[in-house]
Amino acid sequence: MKRVLLFFTVILCQSGWAQDKQYLNPFGTKPPGYTHVVVTGPGKTIYISGQVPTNGAGEIVGKGDLKAQVTQVYENLSVALRAAGATFDDVVKMNTYVVNYKPADVTVIREVRSKYLSKENPPASTLAGVQALFHPDVMIEIEAIAVVK
């Protein structure tokens, strides 16, 4: 069944009959806050480098406060997307890196990201715990890929 679904997805995308983006969860359930597979059609692809919780002056925001840092990172992502002519609805993949990740952190991250990302069609996502990022006060970094028509 999975191969049949993938085959038709590829055929539709190649033929131009598919929508610009398809959100697929081939494992039978829809996961909370992300999509297993996102297929994109023709369009402009935007790669956003890892965004960290810095303000316009380059100062780290929310030292020791994960929620404040996640919020600043999503605001920075919003600015980067707008600069490229995109919105969060155009994001198809996100990678999130959290220093000294604890399972309780996912609740904080999901609370903030739910204010920015589509609940119906969230992007494919990866969340990884890391030992450190570029500065000891930075707790989170998020990179994104978006596709616009």
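Structure notes:
- Residue count, the stretch 89-101 (criterion: assigned to a loop (DSSP other than H, G, I, E, B) and either over 28 Å from residue 131 (Cα atoms) or among the hydroxyl-bearing types (Ser, Thr, Tyr) (or both)): 1
- Condition broken by residue 130, with the remaining ones in (1) out of contact with any Lys or Arg (no Cβ under 6 Å at 6 or more places or on another chain); (2) closer than 15 Å to residue 147 by Cα satisfied: (2)
- Unique match (being in contact with a Lys or Arg (Cβ under 9 Å, 6 or more places away or on another chain) and either assigned to a strand (DSSP E or B) or among the aliphatic types (A, V, I, L, M) (or both)) among 80, 86, 57: 86
- Residue among 96, 71, 40, 107 that alone is closer than 24 Å to residue 20 by Cα and polar (S, T, N, Q): 40
- Residue match in the stretch 136-144 (condition: closer than 22 Å to residue 22 by Cα, of a type in the set (D, E, K, R) and outside any helix (DSSP H, G or I)): yes
- Taken over the stretch 28-43, the criterion of being exposed (fewer than 13 other Cβ atoms within 10 Å of the Cβ) and either over 23 Å from residue 119 (Cα atoms) or among the aliphatic types (A, V, I, L, M) (or both) is satisfied by 42 alone.
- Answer residue from the stretch 113-134, given it is hydroxyl-bearing (Ser, Thr, Tyr) and assigned to a strand (DSSP E or B) and is surrounded by the fewest Cβ atoms within 10 Å (Cβ to Cβ) among those: 126
- Flag if residue 144 is surrounded by 12 or more Cβ atoms within 10 Å (Cβ to Cβ) and either over 23 Å from residue 32 (Cβ atoms) or modelled with pLDDT under 95 (or both): no
- Meets criteria (over 10 Å from the mean Cα position of the chain (by Cα), of a type in the set (Ser, Thr, Tyr) and crowded, with 18+ Cβ neighbours inside 10 Å) for residue 97: yes
- Residue among 46, 60 that alone is within 18 Å of the chain's Cα centre (by Cα), at pLDDT 90 or above and surrounded by 10 or more Cβ atoms within 10 Å (Cβ to Cβ): 46
The values are calculated or read from the model by the stated rules, or taken from the named source; none is laboratory data. Values in this document were obtained by computation on a predicted structure and should not be read as measured data. Positions of Cβ are generated from backbone atoms using ideal geometry, with glycine treated the same way; all protein chains shown enter the neighbour counts.
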